[in-house]
1. Taking region 830-845, which residues are open to solvent by less than 20 Å² (accessible area, probe 1.4 Å) and not β-branched (Val, Ile, Thr)?
2. Please indicate, with yes or no, whether at least one residue in region 89-101 is closer than 23 Å to Asp13 by Cβ, touching a helix residue (DSSP H, G or I) at 6+ places or on another chain (Cβ under 7 Å), part of a loop (DSSP other than H, G, I, E, B) and touching a residue at least 40 places away in the same chain (Cβ under 8 Å).
3. Working only within region 116-160, note down all residues that are open to solvent by less than 20 Å² (accessible area, probe 1.4 Å) and either farther than 13 Å from Tyr203 by Cβ or charged (D, E, K, R) (or both).
4. Does any residue in region 766-780 that is under 14 Å from Leu720 (Cβ atoms) come within less than 8 Å, Cβ to Cβ, of a residue that is modelled with pLDDT of 55 or more and in a loop (DSSP other than H, G, I, E, B) six or more places away or on a different chain, and which pairs are these?
5. Yes or no: region 856-868 includes at least one residue that is acidic (Asp, Glu) and at pLDDT below 80.
6. Give the residues of region 718-735 that are outside any loop (DSSP other than H, G, I, E, B) and open to solvent by 50 Å² or more (accessible area, probe 1.4 Å), sorted by residue number.
7. Return the residues of region 117-142 that are at pLDDT below 90 and of a type in the set (Gly, Ala, Ser); say none if nothing qualifies.
Amino acid sequence: MDQLTIGILAHVDAGKTTLSEALLFESGSIRRLGRVDHGDAFLDTYSLERERGITIFSKQAIIDLSGLRLNLIDTPGHIDFSAEMERTLSVLDLAILVVSATDGVQSHTRTLFRLFERYRVPVFVFVNKMDLFPGDRKELISALTEAFGAGFVDLSEGVTSESREEIAVLDEGLLERFLENEEAVSEETVRELIAERKLFPCYFGSALRGISVKELLLGLSEFAPRPACSCDFSARVFKITRDEKNNRLTFLKLTGGRLAVRPEIAEYGEKVDQIRLYNGEKYETVREIEAGTVAAVTGLTGSRIGDRLGESQEKTEPDLIPVLNYSVIYPEGMDASVMYVRLKTLEEEDPSLSVRFDEETRELRMSLMGQVQQEIVKNLVKERFGCEIDFTKGSIIYKETIENTVEGVGHFEPLRHYAEVHLILSPLERGSGLVIENRCLPDTLSVNFQNLILTHLTERRFPGVLTGSEITDLKITLRSGKSHIKHTEGGDFRQATYRAVRQGLLQAESVLLEPWYDFVLTVPEQAAGRAMTDLDRMGAKFKLSGQTPGGSEIKGSCPAREISNYAEEVRRYTRGEGELTLSYAGYFACGNPERVIEEIGYDPERDLLNSGDSVFCRHGAGEIVPWYEVFDNMHLPSVFTEGEEAQWHTGASGRAEILRKKTTDGKALSTEEIDKIIDQTYYSNKRARKHPVKKRETEYEYKKSLRAAKVRPKKPEFVLVDGYNVIFSWEELKELAGINIDSARDRLVDILGNYQGLADCELLVVFDAYNREGHQTETQRYGRLGVVYTAEAQTADGYIEQFTREQAAAYDVTVVTSDGTEQVIAAGAGCRIVSSRDFKQEVIALSRQAAEEYIPKNPGGVNYLGDQVRKLNEDEEKEQ
């Protein structure tokens with residue numbers, strides 16, 4: 001049996017769910033026709049959906065026709081849940097666009113049609129509420145054509161002689177064949193034109209009254225194009241949720257091959273436990289599904305929305321994203337890390353939430369579309385986790401891009417490490433997002449390291465240098481890099497890549513972007529003047545499009561920060577007669593960037609977690625070199641070639657060139673003049689500042705980073721100990737290791753266990769198993785103390801780097817090591833650094849304090865903690 005996945009999409013209140021209900025009833029899939037306003041619609045299964053009368057989550061139903069199964073997906077229409085709607089587009093074979101005859105083409109309708117074009121989804125149009133519309137069909141066809149172009153043809157009565165001619169003119173080759181033979185416009189031809197998005201069949205009726213619903217089903221059966229499916233397994237994940245028993249459900253569409261219970265999915269290394277075919281709230285379990293099926297599977301914990309299994313095509317970045325950022329107010333006394341983990345669970349189901357912990361303000365932050373989505377998130381947290389949350393007033397989510405092309409260089413070379421990366425950062429058109437490209441030759445850098453760099457470029461969001469906002473609309477091209485056959489490790493290229501991106505951004509001419517909304521504002525005629533005055537004050541671009549039954553209609557676009565809360569004011573000054581409809585338009589240049597930058601107060605030079613400085617090996621140790629001096633010290637030549645738009649690097653030779661060009665009449669320039677010229681050149685591509693950025697002394701910067709890590713606000717403490725580094729730094733343990741390394745490890749574990757109990761902290765000691773063949777990462781627990789033995793080919797450095805990167809947000813991490821490289825990495829992640837020798841003093845002091853306060857003197861032969869303390873004291877005295 002052929003299968004089609006069809007989605008029903010519309011502007012809110014156009015009758016989308018009502019049409020879904022009518023299709024299910026007409027096909028015999030349900031016996032009783034439910035209604036949205038009665039709260040008993042088949043696909044509105046969530047309590048808040050029934051209360052509010054809107055669709056919040058996409059739902060699936062099954063319609064079986066003669067020889068064809070339709071997997072029907074009903075999607076949200078409210079703008080606050082646009083991201084949920086967009087996620088379904090990647091799995092649709094066809095979309096049914098519902099347009100209200102009384103309201104016509106609305107702003108969100110335009111957004112939907114733009115998304116259909118982006119995702120290349122064929123479209124059927126159902127014009128609803130025709131029983132309330134006084135005009136005729138041709139008027140509506142003209143409105144659709146004016147809004148979206150040619151291709152809209154009425155097929156309510158099938159392919160007639162009149163519609164044949166309208167179809168034929170849509171394709172030049174078909175028109176020639178049609179003039180010779182009218183039968184050239186066949187059913188197969190119609191399918192091809194629909195698949196190519198040249199033809200958009202239109203049906204006119206009333207979903208509530210069941211008018212033309214049967215004709216729409218017949219048209220789907222006859223004209224909907226059938227997608228080609230491969231024999232090899234492939235699938236797309238479009239939704240993740242949990243059932244009433246908290247089982248994790250991964251909704252996917254199988255686009256090729258077959259999927260059965262139990263076989264392992266290679267991308268996750270996990271097996272499918274159960275396959276469910278949902279039909280509303282109910283589901284049927286099956287052992288196997290074939291290509292074209294939409295199903296929910298259990299057993300996958302690593303799946304993410306947007307994953308493409310068995311496909312080489314990368315994820316498509318969403319077009320509709322939240323533009324407001326909120327701080328989460330959670331119950332007093334609850335640990336931030338606990339709430340963070342809970343909210344991250346919701347983010348799995350809706351990635352647009354972008355839950356994050358702000359290190360500077362110590363706040364949990366979340367991105368939301370608006371007030372309605374706020375209420376839904378509050379309700380979900382209360383239902384799932386039994387606690388209540390609230391939100392502060394939302395702030396606009398800004399983004400940044402660049403205007404010129406620059407070369408970014410990152411070098412990471414502490415002792416026994418090495419990596420250098422050269423990137424080109426170039427601007428793209430608005431709405432392009434972040435594009436990653438590789439133009440590095442294999443002769444320059446091995447393919448494995450190239451792939452590693454590309455992974456690091458896509459694994460995180462990079463902040464800009466104006467406000468610390470995420471960068472977008474630029475292309476990052478890998479052009480060159482260098483490794484060391486002996487000293488390079490995977491983490492080295494992560495550091496070099498991050499620093500290269502940042503170094504490039506610090507040079508570039510950055511631009512602040514803000515979100516804009518398209519709007520349609522309808523107000524009584526007497527209020528049109530007031531409305532246009534307000535819009536002009538807000539910096540909107542608009543025009544008075546004409547008169548409607550509701551009054552004057554104004555269409556345009558406006559910055560989101562200005563118009564987000566304007567609907568309430570419209571209702572006030574029009575006494576409830578006015579209406580404002582918004583739809584996301586994209587990110588464009590900020591109208592008043594200076595004010596925004598000043599309000600946010602971001603200083604890129606103080607952002608130690610996103611440094612553009614590089615680390616070079618000098619005199620046997622790592623030395624930090626400021627970003628503006630990297631070009632003087634890099635090991636590879638610049639990747640810019642003649643003819644490319646390049647940012648000129650001001651190095652030693654650059655200064656000489658400046659002086660040569662700037663001298664006048666053979667007179668030497670004064671020191672003040674030289675400094676001024678160099679400052680102008682250094683900062684010619686930077687945003688305007690009252691004062692140029694001061695150069696930083698390397699030693700001072702490194703110490704400042706350590707101090708910054710120490711004075712952070714209180715978080716749960718986590719001590720991470722490099723086991724072997726401590727053993728070979730403490731004389732008594734080093735001597736014991738010379739006799740038996742296992743005994744030295746056991747002794748250290750005993751000492752750390754006592755320390756943990758006294759310090760009341762989380763503690764993890766890491767031992768390097770680098771040379772143990774076939775060894776996997778192993779974690780053992782001794783009470784609260786954790787002991788980790790790393791996997792084969794993983795050093796303790798690598799494990800500690802990974803741990804600090806992942807846990808620094810949730811814990812106040814202290815890294816105990818005397819290894820210079822680990823100290824640089826840990827400090828960069830915002831961790832506190834304690835040398836092995838200083839840690840020994842801390843252990844002795846804490847143990848001595850405990851012995852004096854709590855442990856009575858005991859001359860017996862039992863091994864008390866006080867004995868160990870005295871032994872440590874004696875050893876320390878011997879060393880001194």
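1. Step one: filter region 830-845 for residues open to solvent by less than 20 Å² (accessible area, probe 1.4 Å), giving 830-831, 834, 836, 839-840, 843-844.
Across region 830-845, the qualifying residues are Gly830, Cys831, Ser836, Phe839, Lys840.
2. yes
3. Phe116, Val121, Pro122, Gly151
4. Val766/Thr790; Phe767/Thr790; Asp768/Thr790; Asp768/Thr795
5. Yes, region 856-868 contains at least one residue that is acidic (Asp, Glu) and at pLDDT below 80.
6. Across region 718-735, the qualifying residues are Tyr724, Glu731, Lys734, Glu735.
7. Gly135, the sole residue that qualifies.
Residue-wise test of (1) crowded, with 17+ Cβ neighbours inside 10 Å; (2) touching a residue at least 12 places away in the same chain (Cβ under 8 Å); (3) outside any loop (DSSP other than H, G, I, E, B).
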position	(1), (2), (3)
Ile275	yes, yes, yes
Thr285	no, no, yes
Gly292	yes, yes, no
Ala296	yes, yes, yes
Leu300	yes, yes, no
Leu320	yes, yes, no
Asn325	yes, yes, yes
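The values are calculated or read from the model by the stated rules, or taken from the named source; none is laboratory data. Here the structure is a predicted model, which means the values were calculated and not measured. Here Cβ is always computed from backbone atoms with ideal geometry, including for glycine, and neighbour counts include all displayed protein chains. To get the accessible areas, we keep the full protein, side chains included, count just its heavy atoms, and leave off ligands, DNA and RNA. Shrake-Rupley method; radii C 1.70, N 1.55, O 1.52, S 1.80 Å.
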